[in-house]
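All of the numbers you see were taken from the coordinates with simple rules; none came from a lab. A quick note: this is a predicted structure, and the numbers were derived from the prediction, not measured. Neighbour counts are summed over all protein chains in view; Cβ atoms, including those assigned to glycine, are modelled from backbone coordinates with ideal geometry.
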Amino acid sequence: MPRRGAIGKGTGMHKGIGVAGIAGRMGRLVAEEAQAAGAKVTGGIDRAGAETPPGVAVLHDMAALAALSDVVVEFTHASSVQAHARAIAGTSCAWVLGTTGLSAEDEAAVAEAARHVAVVHAPNFSPGVNLVIALAEKMAAALPADAYDAEIVEMHHRQKVDAPSGTALGMGRAVAKGRGVNLADVTESGRDGHTGARKTGAIGFAALRGGQVVGEHTLIFAAGTEHIELTHRAFDRRAFATGAVRAALWVAGRKPGLYSMMDVLGMA
Ligand code: NAD
């Protein structure tokens, strides 16, 4: 079994990494980090008229980019996900998807693509956040839901279009899993006005937006006698780009399936 993560002979990386959303904040960093890791950037796609970085070939669409690449790393917009899932499913290219704000239909399209190609789908590619998510599940399993109220507070830059963040939802799913419940059944999000008392066992979300905050998440377990808070602060979105490139190197050449960042980090 070749060692994953190294580039070159004996690994799954032969053609290189394509970048969907190449003109975006994340896409530009992914291209830089891929090159810094020694991988070839095969090209990129973006919306017509977008200002793409010099030196990266701009392809016509996802199918064309996937045909040239071992892996496409995507940070775009949720509205692209279904079409891109269908396009990549018809190729032999793996997909690292970081876009957040996906609907249930988008998630189903990703799962369908993962029947044909290897997909790493993660709301957050930073190793630190994934460690927090793993701890959140363990804490939720240990702390009784009727005594410890779980609240998740997140803050992001003013340009962010979805709320709560994909990472906050990932933390919420981990708490729900630790408690053996479905997140959708216990979510209390966007409280405003006369909401009534907090429901026992609810998982609450609050989203703040402002300035250029890269990403801050705090999970609070609040009991009558003590509070426990778990906070992650990202100072530079390069942390996500480095993680996404790590996922790309890991997933190249893998068999079809839906993988998470926990799989990439060996924490699954
Ligand atoms: P951005 O707006 O700076 O970049 C998105 C880019 O995608 C833009 O250049 C846009 O033109 C392009 N795009 C949109 N639709 C497209 C399409 N159909 N085909 C090709 N390109 C298309 O946003 P960003 O800050 O780079 O974030 C992008 C996404 O990644 C968001 O959903 C964000 O929440 C998510 N994100 C995830 C992580 C993570 O670790 N998983 C980290 C940061 C951001």
Item checked: Ranked packing of 22-34, 48-60, most packed first, by mean Cβ within 10 Å -> 22-34, 48-60
Margin query: Given an 8 Å cut-off on Cα distances and at least 6 residues of separation, report the relative contact order of the range 6-119 as a percent.
Written below: 24 percent
Notebook entry, point to check: Please identify the trypsin sites (Lys or Arg not before Pro) of the range 70-163 that satisfy two criteria: DSSP loop assignment and at most 14 other Cβ atoms within 10 Å. Which are they?
Noted result: Arg115, Arg158
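With charges only on Cβ, +1 for K and R and -1 for D and E, what is the dipole size of the range 9-133 about its Cα centre, in debye, rounded to 20? Numbers along the way, then the final one.
Numbers: 8 positive and 11 negative charges, 67 e Å.
Dipole of the range 9-133, to the nearest 20 debye: 320 debye.
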Check: Taking Cα pairs under 8 Å and at least six residues apart, what relative contact order does the chain come out at, in percent?
Finding: 23 percent
Item checked: Cα coordinate range in the range 190-268, projected on the principal axes (Å, largest first) -> 52, 31, 25
Notebook entry, point to check: Relative contact order of the range 141-268: what whole-number percent is it, with Cα pairs under 8 angstrom and at least 6 residues apart?
Noted result: 31 percent
Next item on the list: Decide, for the range 1-154, between rounded, prolate and oblate: order the square roots of the alpha carbon gyration tensor eigenvalues as a ≥ b ≥ c, take rounded if a/c falls under 1.5, and otherwise choose prolate if a/b is larger than b/c, else oblate.
Entry: prolate
Margin query: Checking the table Lys177/Lys199; Lys138/Lys160; Lys138/Lys255; Lys15/Lys160 against a 24 Å threshold on Cα-Cα, which pairs fail?
Written below: Lys138/Lys160; Lys138/Lys255; Lys15/Lys160
Check: How do Ser79, Ser189, Ser69 rank when sorted from fewest to most other Cβ atoms within 10 Å of their own Cβ?
Finding: Ser79, Ser189, Ser69
Next item on the list: Provide Rg over Rh for the chain; use the alpha carbon set for both Rg and the Kirkwood Rh (inverse mean inverse pair distance).
Entry: 1.00
